[in-house]
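Engineer: Quick one: structure below, then a few questions.
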Amino acid sequence: MMKYAVHTIMMAAAGLLAVSCETSRPVEVVLVKNDLPAAAGRDSAQLAYDLSQKTWCTNDEACSLILMLMEGEDSCRNFDERIVALDAKGLADAGWDMAADQPVTKGTLAYMLCRALDIRGGVMMHLLNNRRYSYRQAVAEGLMVKGSEWEPLTGPEVVGIIGRAARMKDRMVSQ
């Protein structure tokens, strides 16, 4: 009987391990709508506070935070302008299929951060130049935790990630 229980536990653990190694896209993301003002017109402290109160960080808010991290402000009026501005700086790809109000994924934020912070990464990141390897590099740099590049990020997670990125940027500037 004990042998059967140990075998069952081992098989269940192997199954969980196999599932946790997948990098498939989430089937469905349930958005929680908040009545917070749009990202434009807020400074980084106000946006960070608002995000700490939200379930999900949207693509629009993440793009705004990246602009604030790099330029100190977000002068764009809407999401489309933010994407164009980030694309012009090489921090995003205007061809990405993203909606402003959808949650930002780990891979998307990692891609923007790796380019914003000029994180070189490994051979695969240079060869493929995609969100997957940017995410893996962001994990290696300590900016993000392990998971899947397609996982959506909560508001508090993004606040923490941007805080770590800002400290990394400050260390790079002071050296």
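Read-outs throughout are calculated quantities, based only on the coordinates presented, and are distinct from any laboratory measurement. None of the values given here were measured: they were computed from a predicted structure. As a convention, Cβ positions derive from the backbone with ideal geometry for all residues, glycine included, and neighbour counts pool all protein chains shown.
Engineer: Compare the Cα positions of Phe79, Thr108, Gly122 along the charge dipole of the stretch 26-174 (+1 at Cβ of Lys, Arg; -1 at Cβ of Asp, Glu; about the Cα centre) and return the one farthest towards the positive end.
Structural biologist: Gly122
Engineer: Right, another one. Show me 102-115, 132-145, 79-92 ranked by packing, highest mean number of other Cβ atoms within 10 Å first.
Structural biologist: Top of the packing list down: 102-115, 132-145, 79-92.
Engineer: Let me ask you something else. Say R0 is 25 Å: what FRET efficiency, to the nearest 0.05, do Ala166 and Lys146 get from their beta-carbon distance?
Structural biologist: Using R0 = 25 Å, I get an efficiency of 0.70.
Engineer: Using θ = phi - 60° and the Karplus form 6.51 cos²θ - 1.76 cosθ + 1.60, what ³J(HN,Hα) does each residue of the stretch 165-171 get, whole Hz, x for Gly and Pro?
Structural biologist: 5, 5, 5, 5, 4, 4, 5
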